[in-house]
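To keep things clear, I will list the structure first and then write my remarks on it.
The values are calculated or read from the model by the stated rules, or taken from the named source; none is laboratory data. Values in this document were obtained by computation on a predicted structure and should not be read as measured data. As a convention, Cβ positions derive from the backbone with ideal geometry for all residues, glycine included, and neighbour counts pool all protein chains shown.
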Amino acid sequence: MALPRSVLGELRRIVGDRHVVHEPNDLRIFERDGSISGAVPDAVVLPGDREEVVAVVRLAARHSIPVVPRGAGTGLSGGAITLRGGIALQLSRMRRIVEIDPVARTALVEPGVVNSDLQQAAGRHGLFYAPDPSSQKACTIGGNAAENSGGPHCLYYGVTTNHVTGLEMVFADGSVAWLGGDAPDRVGLDLLGVAVGSEGTLGTITRVKVRLLPLPESVVTLMAAFPTIESASHAVSDVIGHGIVPAALEMMDQVTIGAVEAHYRAGYPLDAGAVLLVDVDGLRETCDELSSEIERLLRLNEATGLRVAADADERELLWAGRKGAIGALGRIRPNYYLHDGVVPRTRLPDVLRRVTEIGEHYRLPVANVFHAGDGNLHPNILFDLRQPGVMEQVEHAGEEMLRSVVELGGTLSGEHGIGIEKNAFMPWIYGPDDLDAMLRLKRVFDPTGMLNPGKIFPDPESEPRLVARAGFCAEARWW
Amino acid sequence: MVVDGLTPGRVETPSTPEQLAEALGTAAAAGESVVPVGGGRALGLGDALERFDVALETSRLTRILEMSQADLTVSAEAGITMEELNAELGGVGQFLPMDPFNSPGHTVGGVLATGLSGPLRLRYGSPRDFVIGLRVALPDGRLASSGGRVVKNVSGYDLNKLHQGALGSLGVIVAASFKVFPRPLHDVTLETVAEDPWRDAERALRLPQPPVAAELTRDGRVLVRLAGSRVAVERMAAELGWSQAPAERWSDHSRRASETWARISVPPGRLRALVAELPGGDWWASPGVGVAHWTGDLDPESVRLARAAAEQAGGSLVLMAASVELKRQVGAWGSPPATLDWMRRVRDAFDPARTLSPGRYVT
């Protein structure tokens with residue numbers, strides 16, 4: 001539904017003619033995010049600063065127009081989809097790194113700053129920003145904060161919420177507040193803690209302050225091949241069970257290895273049932289000691305073809321394969337449906353067995369590439385959307401996989417968010433009273449429900465079933 | 001039991017979370033005021049209590065619900081003490097890095113509700129960083145859970161954080177799940193007495209592998225704890241060149257408290273200047289965290305001055321324990337946060353009748 005001319009006029013006055021998109025063909029570019037559960041916004045508005053965000057939000061509130069904040073559109077749970085139309089608030093023009101304080105080790109950034117741009121800027125001071133989603137070459141810090149994103153190195157360092165010390169947020173009524181702050185032990189309720197990961201449903205993030213960490217003295221990257229995904233899972237449990245929490249501990253199965261090797265030639269052995277990629281960082285001495293202990297444990301669990309990256313180039317290549325894995329899967333099928341469930345780490349072998357069985361049952365190839373150390377699965381169901389009826393099969397398979405995750409004591413999402421992809425399943429993990437407690441917050445901050453409507457919570461206005469979703473791998477090279 | 005000079009009309013000691021929720025709901029429906037009580041180690045925190053009808057104790061909620069060694073997670077009821085829980089975890093080579101002052105005897109629920117932390121926060125962060133699930137009894141008698149038992153979870157709003165440090169003003173924590181940590185292979189305590197202890201502390205904090213705890217006391221003593229692999233600890237210890245001290249220093253240190261006690265929290269870079277200006281009393285500080293604790297015979301004027309300086313630096317001064325008189329004179333919390341209005345609305349959504357510890361919290 002097109003916005004009234006008068007509203008479009010006001011939007012143009014607020015952000016400038018060039019920064020309002022409303023032609024149908026142009027709007028289609030913003031129809032999707034990392035999934036294809038598309039919905040075309042009525043307008044896309046690109047504010048240049050906080051005042052413009054405030055003015056747009058106020059205008060939208062006056063006219064009861066939904067507002068959906070949007071970063072790079074790499075999200076995998078449909079968080080940036082304008083499910084009920086309205087305004088997509090595209091924040092990519094707000095991409096200034098306002099300040100890096102190398103002494104306090106903090107960075108203040110606008111929401112549209114790309115994760116890897118912040119990494120580079122921090123690196124010039126010998127610092128780094130720990131959360132490293134695989135989409136980091138494109139995804140934004142504002143989006144990361146809204147989704148509470150993770151990444152391979154969150155195993156040791158923690159996810160986004162552990163690194164955000166403050167947020168500037170524009171609420172549904174257009175008021176602005178700074179949540180959190182530079183001092184520890186802020187007086188009053190931890191609104192920052194709730195804002196991070198609220199998926200644009202409580203407010204629009206206009207600035208983010210994050211903690212930076214000193215780059216470790218040394219990094220060792222290990223790659224180990226295993227005969228089966230089962231033996232690799234046991235190896236993961238063994239490492240963690242021995243009280244070793246490496247910086248990263250990632251797994252790729254045979255399907256993934258094949259696709260990645262064809263594309264990146266990262267050196268993963270093609271005959272392996274699974275490959276583990278392990279990063280250990282810290283002092284040189286610690287790295288040596290820990291990596292030899294990890295090597296020992298991996299060998300005890302049938303690891304073959306153990307390799308330690310000889311230099312930075314080799315390390316980068318090994319990681320390029322991991323970070324680009326999902327894009328590479330496009331070689332197998334053009335579409336994928338990626339899940340993000342988490343199980344207690346010891347249940348990995350069980351859940352992976354179930355995932356395989358479900359894939360076989362539906363005759364759909366499944367590629368597993370995931371944060372094994374955290375128990376955070378990423379089964380990619382691969383398919384070709386052009387094949388009639390396939391979507392329904394994919395949905396059923398995905399639902400069964402999530403169901404298995406929950407049955408094994410797990411949760412729906414570890415780092416991608418709930419959005420519209422898993423909101424129908426929230427009652428699987430939370431009872432009515434649990435959901436009601438969360439909804440109390442939603443009603444406080446957004447009483448009319450205009451901010452990113454239809455997300456996170458079961459949505460009575462949508463069919464309580466999965467809607468079509470799959471990312472074209474060609475668009476998703478960076479995952 | 002006495003809180004701010006008031007004794008409760010009655011004491012409830014439910015033995016299950018369900019019973020606790022019911023007791024809370026019943027009291028709230030009857031218009032009674034309820035104060036959650038854990039180990040009673042922080043009952044002086046906050047403004048003076050207005051009414052005290054029911055003391056709702058968690059002392060019988062002491063079960064460990066699940067301890068999964070290989071998953072590095074634990075779930076326990078709120079009334080278990082930190083010492084009991086850590087003794088269990090210690091049996092499998094793990095621990096929870098929660099070491100609040102005024103120990104021992106803090107309960108898990110108490111530490112979370114009060115937001116207390118200790119020296120180990122330097123390395124491990126506050127419980128905010130490793131609580132993975134909470135179960136909370138709400139004033140309407142319902143039990144609500146957030147998070148789960150997995151170490152990574154973005155399913156729904158992170159209410160785990162909302163209840164931490166809320167002093168039970170939104171609900172009573174009845175159980176919590178944590179990500180736990182492996183006990184370091186080697187753990188060495190070093191100390192030095194220096195003319196410029198802040199400079200020495202800074203040197204320790206800038207080591208390539210910083211200490212897991214670094215504390216500084218008014219007598220010029222710096223106490224650090226190095227942990228990790230043997231070679232790493234040895235190398236860092238050699239770089240510092242300080243003398244070794246017994247590990248008991250930490251349990252002694254964690255017993256620090258006083259009848260009049262304030263916590264100053266500021267950006268770490270501002271801490272030294274603030275502490276230097278403190279007019280008398282004793283203090284100890286975590287320079288890497290940005291927290292100092294100030295004890296002694298604190299008078300209203302000194303507290304006002306120190307608080308003004310802390311707030312000027314972007315932080316706060318909170319009275320952790322004080323006479324009702326002092327709390328009335330200067331307030332426990334200081335200037336209200338800019339988002340107080342939002343916080344009150346959140347409180348309204350959970351505790352509209354102000355059943356929980358009326359008058360005590362910021363909201």
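The set of residues in region B:337-362 that are on the phi < 0 side of the Ramachandran plot, in a loop (DSSP other than H, G, I, E, B) and modelled with pLDDT of 95 or more comprises B:337, B:338, B:339, B:351, B:352, B:353, B:355, B:358, B:360, B:361. If you go through region A:111-126 one residue at a time, do you hit one that is at pLDDT below 95 and out of contact with any Asp or Glu (no Cβ under 8 Å at 6 or more places or on another chain)? For region A:111-126, residues at pLDDT below 95 and out of contact with any Asp or Glu (no Cβ under 8 Å at 6 or more places or on another chain): absent.
The condition (being at positive phi, within 11 Å of chain B (Cβ to nearest Cβ), crowded, with 19+ Cβ neighbours inside 10 Å and not charged (D, E, K, R)) is satisfied by just one residue among A:410, A:417: A:417. Among all positions in region A:401-410, there is no residue which is closer than 30 Å to residue A:245 by Cβ, within 20 Å of the chain's Cα centre (by Cα), outside the structural domain of residue A:143 (by TED's automatic domain parsing) and part of a strand (DSSP E or B).
For region B:200-214, what are the residues that are part of a loop (DSSP other than H, G, I, E, B) and not aliphatic (A, V, I, L, M)? Result: B:206, B:208, B:209, B:210, B:211.
Can you go through B:172, B:154 and tell me which one is within 30 Å of residue B:361 (Cα to Cα), surrounded by 23 or more Cβ atoms within 10 Å (Cβ to Cβ), more than 11 Å from every other protein chain (Cβ to nearest Cβ) and not aromatic (Phe, Trp, Tyr)? Quick ask: steps written out before the conclusion?
Working: B:154 fails: more than 11 Å from every other protein chain (Cβ to nearest Cβ).
Going through B:172, B:154 in turn, the sole match is B:172.
When restricted to residues that are assigned to a strand (DSSP E or B) and without any contact (Cβ under 8 Å) to a residue 40 or more places away in the chain, region A:166-190 contains 5.
Only one of the listed residues (A:142, A:197) is within 9 Å of chain B (Cβ to nearest Cβ), within 16 Å of residue A:75 (Cβ to Cβ) and crowded, with 23+ Cβ neighbours inside 10 Å. That residue is A:197.
What about residue B:107, is it polar (S, T, N, Q), surrounded by 24 or more Cβ atoms within 10 Å (Cβ to Cβ) and away from every other protein chain (no Cβ under 14 Å)? Yes, satisfied. Selection of region B:274-310 for residues being touching a residue at least 40 places away in the same chain (Cβ under 8 Å) and either surrounded by fewer than 17 Cβ atoms within 10 Å (Cβ to Cβ) or part of a loop (DSSP other than H, G, I, E, B) (or both) yields B:282, B:287, B:288, B:289. Being in contact with a His (Cβ under 7 Å, 6 or more places away or on another chain), within 14 Å of chain B (Cβ to nearest Cβ) and surrounded by fewer than 22 Cβ atoms within 10 Å (Cβ to Cβ) is a property that does not hold for residue A:427. In region B:314-336, the residue that is nearest to the other protein chains (Cβ to nearest Cβ) out of those that are in contact with a strand residue (DSSP E or B) (Cβ under 9 Å, 6 or more places away or on another chain) and assigned to a loop (DSSP other than H, G, I, E, B) is B:315. Check whether at least one residue in region A:202-219 is in a loop (DSSP other than H, G, I, E, B) and more than 14 Å from chain B (Cβ to nearest Cβ), and report yes or no. Looking for residues that are in a loop (DSSP other than H, G, I, E, B) and more than 14 Å from chain B (Cβ to nearest Cβ), one finds none in region A:202-219, hence no. Scanning region A:235-271 for residues that are assigned to a helix (DSSP H, G or I), over 30 Å from residue B:183 (Cα atoms) and of a type in the set (A, V, I, L, M, F, W, C) yields A:255, A:257, A:259, A:260, A:262.
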